[in-house]
Amino acid sequence: VQLQASGGGLVQAGGSLRLSCVASRSARSLDEMGWYRQAPGKQRELVARVFSVGGTDYADSVKGRFTISRVNSRNTVYLQMNGLKPEDTGVYYCNVVTMTVPPANYWGQGTQVTVSS
């Protein structure tokens, strides 16, 4: 599965960005679709993910500010980021997990998000 992420950029604190990730495979074959991020000198961490059955999972640090959604007809997952903070700065990676047995994990190329104070 190939993933094409877009939507990163430079924004001031308090601003908003929307990330998009398009999968080369039908989203109906994907269990999880999500976003992870990696800040300089830190490990990659989960930001948010959405499951094929509709449930979502968010990092505590983004709850109430970020919203993840998926549109299966477009094979796309979105991350709407509002109220951005400097600590949200990092490279954001799209991730999908297939419904195959065993499941397979795929990563996008990453998109930079920089929040200035």
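The values are calculated or read from the model by the stated rules, or taken from the named source; none is laboratory data. If you're wondering where the values come from, they're calculated on a predicted model, not measured in any experiment. With ideal geometry, Cβ positions are generated from the backbone for all residues, glycine too; neighbour counts draw on all protein chains shown. When the accessible area is computed, the model is the full protein with side chains, heavy atoms only, and any ligands, DNA or RNA have been set aside. Shrake-Rupley method; radii C 1.70, N 1.55, O 1.52, S 1.80 Å.
Is it true that SER20 is touching a residue at least 40 places away in the same chain (Cβ under 8 Å), closer than 17 Å to ASN72 by Cβ, in contact with a strand residue (DSSP E or B) (Cβ under 9 Å, 6 or more places away or on another chain) and open to solvent by 60 Å² or more (accessible area, probe 1.4 Å)? Taking the combined requirement at face value, the residue does not satisfy it. Aliphatic (A, V, I, L, M), under 18 Å from SER6 (Cβ atoms), open to solvent by less than 60 Å² (accessible area, probe 1.4 Å) and assigned to a strand (DSSP E or B), is that true of LEU84? Taking the combined requirement at face value, the residue does not satisfy it. Scanning the stretch 48-63 for residues that are touching a Phe, Trp or Tyr at 6+ places or on another chain (Cβ under 7 Å) and among the hydrophobic types (A, V, I, L, M, F, W, C) gives a single hit, ALA48.
Annotation: of all residues in the stretch 104-117 being modelled with pLDDT under 95 and open to solvent by 70 Å² or more (accessible area, probe 1.4 Å), the one that is nearest to the chain's Cα centre (by Cα) is GLN109.
Run down VAL11, VAL22 and say which single residue is more than 10 Å from the chain's Cα centre (by Cα), closer than 15 Å to GLY110 by Cβ and assigned to a strand (DSSP E or B).
Working: VAL11 fails: closer than 15 Å to GLY110 by Cβ.
Among VAL11, VAL22, only VAL22 is more than 10 Å from the chain's Cα centre (by Cα), closer than 15 Å to GLY110 by Cβ and assigned to a strand (DSSP E or B).
Checking the stated criteria, VAL77 turns out not to satisfy the condition of being part of a loop (DSSP other than H, G, I, E, B) and either surrounded by 15 or more Cβ atoms within 10 Å (Cβ to Cβ) or under 14 Å from the mean Cα position of the chain (by Cα) (or both).
Candidates in the stretch 87-103 are the residues that are farther than 16 Å from PRO40 by Cβ and in contact with a Ser or Thr (Cβ under 7 Å, 6 or more places away or on another chain); of these, the one that is most open to solvent (accessible area, probe 1.4 Å) is MET99.
For the stretch 48-65, a tally of residues being under 20 Å from GLY83 (Cβ atoms), assigned to a loop (DSSP other than H, G, I, E, B) and open to solvent by 60 Å² or more (accessible area, probe 1.4 Å) returns 2.
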